[in-house]
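Engineer: Encoded as structure tokens, here's the structure I'll be asking about.
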Amino acid sequence: MSPAQRPGYRSERTNRDTATTGKTTAMQQLGRTVELADRRRHPNQDGRLPVLFITVPPSSTPKMLISEFARFLGLPALERMNQIQITNAVCELLCEMSTQLVLVDDVHLMDTRSRAGAETSDQRKYLGERIPATFVYSGIDVEASPLLTGVRGSQLAGRFKIVRNQPLRYGSGADKQIWHDLVHGMDSALRLRHHRPGTLLTHAAYLHARTGGRMGSLSHLIREAALVSLLDGTEKITKKLLEQIELDSAAEQRARAPHRRRTPPQRQP
């Protein structure tokens, strides 16, 4: 029995991310892995919902947060229910459906310096106590955000383990293999008429240098190149086409940054 399946067990994690490093993709992949594993353990049980995924709304209030849970579950008539009614309905349903993993994205939007943000943070803590599941929160630069400051922040920091999601490296053989697997996955997903499978892998080093190992920038680059190739009728991605695509400002600045040359050590006379 895994920890998340034990009655009354609660585990919490925060995924600390910088922009475009793939926090949402990582969360979705985690949810997919848990979902598939649960289906294998419990075949033909349609009443289960092992994973719930929501995104924190901007300027969120407690009712807005719990309403996102309810919308994911498909609960009707939310406009006629108050916050307490929605909360009770959500908690009861998630317990009935044996939910093991609750994924909450963009938690950095929860500003605990404001009254609404502080109350939303309290709502988050309350849900963690009512629902016997593993909670995983994802946000950008959460360590520098108000989320971990003050009395509420210290409680949050004391209950969570922070997992830092950094850009993928391209140094060791293992690093390159991870990057190649990611590029291969995107290459395999292309449905262009004249695309030759494996083409993107031949440009793996260039793609890493261009994007700085950031998954979001890589996805943007390949997706826009595919759209351009559809519009111009070529339906294939070449390095020349990739070089014409303009990425986000941060990625373009990194790509243009001059590489420092190492000065050879001077020999002693």
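Every number in this text was worked out from the coordinates using simple rules, so none of it is lab data. As the structure is a computational prediction, the values presented were derived from the model and not from experiment. For neighbour counting, all protein chains shown are included, and Cβ atoms are generated from backbone atoms with ideal geometry for every residue, glycine included.
Engineer: Suppose R0 equals 25 Å; then what is the FRET efficiency for Asn82 and Val163 from their Cβ-Cβ distance, rounded to the nearest 0.05?
Structural biologist: That pair, Asn82 with Val163, gives E of 0.10.
Engineer: Can you put Ser59, Ser138 in order of Cβ neighbours within 10 angstrom, beginning with the fewest?
Structural biologist: Listed from fewest to most nearby Cβ atoms, that is Ser59, Ser138.
Engineer: Right, next: If each of Asn44 and Leu230 carries a label point 7 Å out from its Cα toward its Cβ, how far apart are those two points in nm?
Structural biologist: 4.1
Engineer: So how much slack lies between Ala37 and Ser188, counting 0.36 nm per residue of separation and subtracting their Cα-Cα distance, in nm?
Structural biologist: Separation in residues times 0.36 nm, less the Cα-Cα distance, equals 52.0 nm.
Engineer: Could you give the nm distance between label points at Ile178 and Glu143, where each point is 7 Å from its Cα heading toward the beta carbon?
Structural biologist: The two pseudo-label positions are separated by 1.7 nm.
Engineer: Extension gain Gln29-Lys125, at 0.36 nm per residue separation less the Cα-Cα distance, in nm?
Structural biologist: 32.1 nm
Engineer: To continue, here is another question. Pop out the ³J(HN,Hα) list for segment 162-178 in order, Karplus 6.51 cos²θ - 1.76 cosθ + 1.60 with θ = phi - 60°, rounded to Hz; leave Gly and Pro as x.
Structural biologist: Each residue's phi maps through the Karplus curve to give 8, 10, 8, 9, 9, x, 5, 8, 9, x, 6, x, 5, 4, 5, 5, 4 Hz.
Engineer: By counting other Cβ atoms within 10 Å of each Cβ, how are Leu52, Leu218 ranked from fewest to most?
Structural biologist: Leu52, Leu218
Engineer: Follow-up. Rounded if a/c is under 1.5, else prolate if a/b beats b/c, else oblate: with a ≥ b ≥ c from the C-alpha gyration tensor eigenvalues square-rooted, which is segment 3-165?
Structural biologist: oblate
Engineer: Rounded to the nearest 0.05, what FRET efficiency do Ile245 and Ala205 have when you use their Cβ-Cβ distance and R0 = 22 Å?
Structural biologist: It comes to 0.80.
Engineer: Rounded, prolate or oblate for segment 20-94? Axes are the square roots of the Cα gyration tensor eigenvalues, ordered a ≥ b ≥ c, and the cut-off for rounded is a/c under 1.5.
Structural biologist: Cα axes put segment 20-94 in the oblate bin.
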